[in-house]
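The structure appears right after this line, and notes come after that.
Please treat every number below as a calculation from the coordinates, not as lab data. Model, not experiment: these values are computed from the prediction. Here the Cβ positions follow ideal geometry from the backbone for every residue, glycine too, while neighbour counts run over all protein chains shown.
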Protein chains: 2
Amino acid sequence: MSVTKTLASYVTNAKPADLPEAVKAEASRTFLNWVGCAVGGAQHETLDIAIAALAPFSGPGIASVLGRRERLDPLHAALMNGISSHVFDFDDTHLRTVIHPAGPVASALLAYAEYQPVSGADFINALVLGVEVECRIGNAVYPAHYDVGWHITGTTGVFGAAAAIGKLMALDTRQMSWAFGLAATQPVGLREMFGTMTKSFHPGRAAQNGMTSALLAQRGYTSSEQGIEAKRGWAHVLSVAFNPDEITENLGKSYEIAVNSYKPFACGIVIHPAIDGCIQLRKSGQVDAMQVRSVTLRVHYLVLELTGKKTPQTGLEGKFSVYHAAAIALLKGAAGEREFSDAAVNDPQVIALRGQINAIVDDSMAPDAVHITMILNDGRVIEHDVEHAIGSIARPMGDADLDEKFYGLTDDVLGHERAQNLCRLCRDVGSLPRVDVVAQAARLPA
Amino acid sequence: MSVTKTLASYVTNAKPADLPEAVKAEASRTFLNWVGCAVGGAQHETLDIAIAALAPFSGPGIASVLGRRERLDPLHAALMNGISSHVFDFDDTHLRTVIHPAGPVASALLAYAEYQPVSGADFINALVLGVEVECRIGNAVYPAHYDVGWHITGTTGVFGAAAAIGKLMALDTRQMSWAFGLAATQPVGLREMFGTMTKSFHPGRAAQNGMTSALLAQRGYTSSEQGIEAKRGWAHVLSVAFNPDEITENLGKSYEIAVNSYKPFACGIVIHPAIDGCIQLRKSGQVDAMQVRSVTLRVHYLVLELTGKKTPQTGLEGKFSVYHAAAIALLKGAAGEREFSDAAVNDPQVIALRGQINAIVDDSMAPDAVHITMILNDGRVIEHDVEHAIGSIARPMGDADLDEKFYGLTDDVLGHERAQNLCRLCRDVGSLPRVDVVAQAARLPA
């Protein structure tokens, strides 16, 4: 059987009862983290603009925009929730591929759950399968595909959303293959867009395109049944390397959502070791930021490729500056949304300190590690290693960490009482009779 | 100035009064041909399915689906009209790049003209500019981009639609650059989808994505301002060759729409020389199809690459079979939609004749040429050359040919009287006070 059909067949046949408990538990954590990010990002200017531009074209407003008053049709709600969940760069990460798995999949699923009734068990199953599909396709082409210049969250996320919605629709294998063909033909996301509002557009549009693919396939809109692996299919057109075994082997035996990770800091994962190390040094009492003469970070090569901005001008650009991130971590001991505001980036103290910070690529450095060398004004030299940054697979955030992050994102938007109710619903999502109550609890009163 | 900004600046500054008369006339012909194709394709099952799947998510139904009763929001109407205009593979072709220029651009424009009032002069200007943008970007990457496996109509069409709608919105150069960035990040179309309903999805989705890009940019949704030429921008990620001069040189001095071409036959342009040659032989009286022992076609390499299906099973597959096309041309003297029906493809006479037909790639053969060698049952050998197929730049369809094609497509859908009225409106589109009257005249009464 072909790669696309094998994957389609797996998705159509997988049952909620097949899922190991640990996988279901991680799916709930993934969902909680995603809802927190979407609610937290909902007041961002990016959302104001997107809604102002597209709401006039929305169908009946049956689906919630999380953290806001507006309701839109499910396709537009999926777009908006995908945008807001990524706008702070604070969402989950599949570390092997740097895919942000929940954005495309959960955005589509929750919006769809307000269109058709969906039980918690089916929802968790579809979430697991959607993440499985996008991450397996990512595994098959990473890093070549990413190196070409594609934002892998948007390009693989379309498949994830199509799989998840197609599963809720109970598509048959041929229809699911068509949905994958339709997903293959509408990838979203160039890395050139990083640092602009368009980056957040990618997971949202992937959710919307994936749902569209499933809706069309359900009605019999035909497509290739070898959309992934064909000579002119997705993998060969969008990548220069492709290992189909990553897609087809051990289906139903391993789960990519089990190795999902959550960010403690509101920026790209590649800077987290540097932030973690700087916060550790500050907390240890060894270092006063005002006494720092120079800092040298030995980093993984992606750090400079993705976050090498020397002089960011805006909060958003600050997220793409390892120099800003390290400076703010040393000065404030934190790297939440507040530390990536326009004001923080233009703070003279921060600007002065970031000028003292250098970063050097070290080919021996793992992506979740950093080595920091600091020289203080009194001549002292401090060396510090982070082997595994907080939030990595080796040092995951615990449930309490995730709750704290969730409230940090949602309290200001919903108020703490509503945020607590929402947190409980997310934690219990797998046992809910209907999942639409989560969306209702996450929106503001009209 | 960068490539993207140069192009954006040109589009934002170009005025209707700048257009040469011949360019305006060709734009009207392009529009007439597109309306005919969209109306003619509107009853196709592909449209039934797409509308059934997506109409529940449509916003207020202010825009017409040509040739049908349904009205949808402008984004969905653009999608549907783009699908129907391509579903017969009968639309226009920019021969240098095999782009079908009108689909993405006109579909977006006409739907938008039912949302905001648009004069004929502004409409023609926006149509010319949209086609200019998509074809110039195509010129800059063809054939490398197409050879990678992209359906160039969908991948460049997004830019064309964004330019056209952005022009009507009077975006400034920065906004137009953002619209191009948003277009760059959502290309549509893998060639793997050829032969399925998804091929027609490409120009429709390109229209919808381009309009979405302009709507977002208008409100200030930021994007890269170097979306086309940046290291990880569209051209380098989606192509292995890129000549930016094709985009920036002679802007306002040459017009790609002036070299647009229209298909006399309802299938891919690459088979047209073979069809034309077979019809010429039949008309000449030299050949009776029943007396043919064998036919050998010497063809351009793309003919076998795109239309090499030996044993098509459906009418749609027949469009990708040079063997079927030549057989039906010899037997029927025509190659309209009727000759590419399921019945025609499965006609025993056609099947028998197509078994006698061979095609050989000849590297010296131009794309609009063919050499035919026919051996008859009595042993006679007939040789025939087509230097330029009808519909090529060297042998364009005249105005009367285009009218005849238009009525062939629209009479059965609208009735001849309504079709005549529509034809007149299309021919006069440039002088209409409001273009929405064309859309109204092209839809069926509710």
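For the stretch B:219-259, the list of GluC sites (Glu not before Pro) that fall in a loop by DSSP and count at most 13 other C-beta atoms within 10 angstrom reads B:Glu249.
Within 10 Å of the Cβ of each residue in A:292-305, the mean number of Cβ atoms contributed by other protein chains is 0. Of the GluC sites (Glu not before Pro) in the stretch B:308-391, the ones in a loop by DSSP (not H, G, I, E or B) with at most 13 other beta carbons within 10 Å are B:Glu387.
What separates the B:Ile382 label point from its copies, with the point 7 Å along Cα to Cβ, is 9.2 nm, written shortest first. Distance between the modelled labels on A:Ala17 and A:Ile375, one decimal in nanometres: 6.8 nm (7 Å Cα→Cβ projection).
The trypsin sites (Lys or Arg not before Pro) of the stretch A:223-271 that DSSP puts in a loop, and whose beta carbon has at most 12 other beta carbons within 10 Å, are A:Lys231, A:Lys253. Within the straight-line cut-off of under 16 Å between alpha carbons, the lysines reachable from A:Lys283 are A:Lys332, sequence neighbours fewer than 8 places apart in one chain being disregarded.
Averaged over peptide A:220-229, the number of partner chain Cβ atoms lying within 10 Å of each residue's Cβ comes to 6.
For A:Pro56, the point set 7 Å out from Cα toward Cβ sits 2.8 nm from its twins in the other copies, listed from shortest up.
Using only Cα atoms, tell me the angle between helix B:416-427 and the longest principal axis of chain B; keep it within 0 to 90° and round to the nearest 10. That helix lies at roughly 60 degrees to the long axis. Shown in residue order for the stretch A:243-255 are the 3J(HN,Hα) couplings computed by the Karplus curve 6.51 cos²θ - 1.76 cosθ + 1.60 at θ = phi - 60°: 10, x, 4, 4, 8, 9, 7, 6, 4, x, 10, 10, 10 Hz (x for Gly and Pro). Under 5 Å between amide hydrogens, built in the peptide plane, is the criterion, and for A:Val361 it picks out A:Val299 among residues at least 5 positions away or on other chains.
Residues of the stretch B:146-169 with the amide nitrogen closer than 18 Å to a label point 7 Å from the Cα of A:Lys231, along Cα-to-Cβ, please. Under 18 Å, as judged by backbone N against the label point of A:Lys231, lie B:146-152 of the stretch B:146-169. Close amide H pairs (under 5 Å, H built 1.01 Å from N) link A:Arg293 with A:Ile375, A:Leu376, A:Asn377, residues at least 5 positions away or on another chain. Taking every residue in A:63-75 and counting other chain Cβ atoms within 10 Å of its Cβ, the average works out to 1.
Bridges between two residues of chain A, per DSSP, are antiparallel at a rate of about 75%. Centre-to-centre separation between the Cα atoms of the stretch B:319-361 and those of the stretch A:353-372: 66 Å. Positive end of the dipole of chain B (Cβ unit charges, origin at the Cα centre): among B:Ser239, B:Ser321, B:Val118, the Cα lying farthest that way belongs to B:Val118.
For the stretch A:53-68, backbone phi angles converted through the Karplus equation (6.51, -1.76, 1.60; θ = phi - 60°) give residue-by-residue couplings of 6, 10, 4, x, 9, 6, x, x, x, 9, 10, 7, 8, 4, x, 9 Hz, Gly and Pro being listed as x. Distance between the 7 Å Cα→Cβ label points at B:Gln349 and A:Arg96: 6.0 nm. Here the dipole of the protein assembly as shown is about 580 debye; that uses its Cα centre as origin and unit charges on the Cβ of Lys and Arg (positive) and Asp and Glu (negative). Near the amide H of A:Trp150, within less than 5 Å, lie the amide hydrogens of A:Arg191, all on another chain or at least 5 residues away, with H placed in the peptide plane. The charge dipole of the stretch A:291-372, taken about the Cα centre with unit charges on the Cβ atoms of Lys, Arg (+1) and Asp, Glu (-1), comes to about 260 debye, rounded to the nearest 20.
Note on chain A: with charges restricted to the Cβ of Lys and Arg (+1) and Asp and Glu (-1), its dipole about the Cα centre is near 600 debye.
Beta bridges from DSSP with both residues in the stretch B:269-386: antiparallel share about 70 percent, rounded to the nearest 5.
Rounded, prolate or oblate for the stretch A:269-386? Axes are the square roots of the Cα gyration tensor eigenvalues, ordered a ≥ b ≥ c, and the cut-off for rounded is a/c under 1.5. Judged from the Cα gyration tensor, the stretch A:269-386 comes out oblate (a/c at least 1.5, b/c at or above a/b). Only beta bridges with both residues in the protein assembly as shown are counted; by DSSP, about 75 percent of them are antiparallel. Quick one: if the Förster radius is 25 Å, what FRET efficiency do A:Asp411 and A:Arg69 give, using the C-beta to C-beta distance and rounding to 0.05? According to the calculation, E is roughly 0.90. Largest GNM mean-square fluctuation across B:Ala22, B:Ala52, B:Ala164, computed for chain B with C-alpha springs under 10 Å, falls on B:Ala52.
For B:Ala394, the distances from its label point to the matching points in the remaining copies are 6.9 nm, ordered from shortest, with each point set 7 Å beyond Cα toward Cβ. The calculated 222 nm mean residue ellipticity attributable to helices in the protein assembly as shown amounts to -16000 deg cm²/dmol, summing -39500 (n - 2.57) over DSSP H runs of n ≥ 4 and dividing by all residues. For A:Lys15, the lysines whose Cα comes closer than 29 Å to its Cα, not counting residues fewer than 8 places off in the same chain, are A:Lys5, A:Lys24, A:Lys167, A:Lys253.
Comparing A:Leu168, A:Leu302, A:Leu238 in a Gaussian network model of chain A (Cα springs below 10 Å), the most mobile by mean-square fluctuation is A:Leu302. Computed from phi, the 3J(HN,Hα) profile of the stretch B:307-319 under the Karplus parametrisation 6.51, -1.76, 1.60 (θ = phi - 60°) reads 9, x, 5, 6, 10, x, 9, 10, x, 4, 5, x, 5 Hz, with x in place of Gly and Pro. The tail of the calculated P(r) for chain B, taken as Cα-Cα distances beyond 38 Å, holds 20 percent of the pairs. GNM on chain A, alpha-carbon springs under 10 angstrom: the most fluctuating residue among A:Val429, A:Val381, A:Val133 is A:Val381. Think of the axis that spins chain A onto B; the A residue whose C-beta lies nearest it, and the distance in whole Å, is A:Gly59, 3. Computed from the C-beta positions of A:Asp399 and A:Asp245, the FRET efficiency with R₀ = 22 Å rounds to 0.05.
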